[in-house]
1. Can you pull out every residue in segment 119-170 that is open to solvent by 40 Å² or more (accessible area, probe 1.4 Å) and aromatic (Phe, Trp, Tyr)?
2. Being modelled with pLDDT of 95 or more, of a type in the set (D, E, K, R) and open to solvent by 30 Å² or more (accessible area, probe 1.4 Å) is the filter here, so list the residues in segment 31-61 that pass it.
3. Would a scan of segment 107-127 turn up a residue that is within 13 Å of the chain's Cα centre (by Cα) and among the charged types (D, E, K, R)?
4. Would you mention how many residues in segment 183-198 are within 21 Å of Leu231 (Cα to Cα), open to solvent by 20 Å² or more (accessible area, probe 1.4 Å) and either among the small types (Gly, Ala, Ser) or without any contact (Cβ under 8 Å) to a residue 24 or more places away in the chain (or both)?
5. Of everything in segment 205-245, what is in contact with a helix residue (DSSP H, G or I) (Cβ under 7 Å, 6 or more places away or on another chain), open to solvent by 10 Å² or more (accessible area, probe 1.4 Å) and farther than 25 Å from Gln171 by Cα? Give them in sequence order.
6. Could you give every pair whose Cβ atoms fall below 9 Å, whose first residue belongs to segment 90-107 and is under 20 Å from Ala138 (Cβ atoms), and whose second residue is open to solvent by 30 Å² or more (accessible area, probe 1.4 Å) and among the small types (Gly, Ala, Ser), counting only separations of at least 6 or pairs across chains?
Amino acid sequence: MAAATTPDLLFGLRNSFYLGAYQAAINSSDIPNLPADDALERDVLVHRSYIALGSYQLVLSEIDSSAPTALQAVKLLALYLSGDKESAISSLQEWLSDAAISNNPVLRLIAGIIYMHEQEYNEALKHTNSGGTMELHALNVQIFIKMHRSDYAEKQLKIMQQIDEDHTLTQLANAWLDLAVGGSKIQEAYLIFQDFSEKYQMTGMILNGKAVCCMHMGRFDEAESLLLEALNKDAKDAETLANLAVCSLHLGKPSSRYLNQLKLSHPDHVLVARLASAEDNFDRALQSIA
């Protein structure tokens, strides 16, 4: 007789986190009688949820120097995103050079996230490329897409599909890759986000995913409606504001309000950087004419 499989006590919490339902992840985290490893994973996910909600100081104050390596790594991410990038990267490099902890999967994941933010993709891959967890494989997919190497991203996705084709991260990575490849793949990405919206709580991440697919397919009115629904959930979300700005331009509507909000709340966003670069080039062109 086969042994009964142990129920995955963190399935719901993990799924909420992956799909951007961060408050729901926090609210469902009070799970009794968790084994020590699960309790640590729960604490990591809860603190990463607080980071995703912008509560950096809460994480910095709650995780002390006696906490396990995984939580210390999460604290570094909060430190980095709160603006103290130099200290965070300096500590990160120090820990990654310590053979006793450098292979910790959460530390490697956080290293990948921080270096991806820094656009140092090769440095990120040094720590993530060997995989080991579904999150590391999913991060590799994101990094390769940012490097415009969808061929490598596809190899990572195939590894994920071999491990668990139905895993939420496998489905998400599949949708990201479909969007990157474009063409007929856009409809497949849309169907993945549609499936998420029917199965789980509707989140800004799912709404943005559907909206980006709609924009690729030229369905800008539908995209705008999805993005306004996402804006109602979080008025400061960077991707929602950026996508609304782009969508508004396609609809011939003013986009300056969304762009100004994006500049104020997310001055490092790639769209803000591109606009600043375009404005600089324009100013230089005017000066050369003058």
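1. Within segment 119-170, Tyr121, Tyr152 meet the criteria.
2. Glu41, Arg42, Asp43
3. no
4. Of the residues in that region, 3 qualify.
5. The answer is Lys236, and nothing else.
6. Correct list of pairs: Asn103/Ser130; Asn103/Gly132; Pro105/Gly132.
Quick grid of which residues meet (1) assigned to a helix (DSSP H, G or I); (2) closer than 27 Å to Leu40 by Cα; (3) modelled with pLDDT under 95:
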| residue | (1), (2), (3) |
| --- | --- |
| Ala99 | no, yes, yes |
| Ser102 | no, yes, yes |
| Leu109 | yes, yes, no |
| Ile114 | yes, yes, no |
| Leu125 | yes, yes, no |
| Gly132 | no, yes, yes |
| Glu135 | yes, yes, no |
| Phe144 | yes, no, no |
| Lys155 | yes, no, no |
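The values are calculated or read from the model by the stated rules, or taken from the named source; none is laboratory data. Bear in mind the structure is a predicted one, so any value in this text is a computation, not a measurement. Glycine gets a Cβ as well: all are built from the backbone with ideal geometry, and neighbour counts include every protein chain shown. Ligands, DNA and RNA are excluded from the accessible area calculation, which covers all protein heavy atoms including side chains. Shrake-Rupley method; radii C 1.70, N 1.55, O 1.52, S 1.80 Å.
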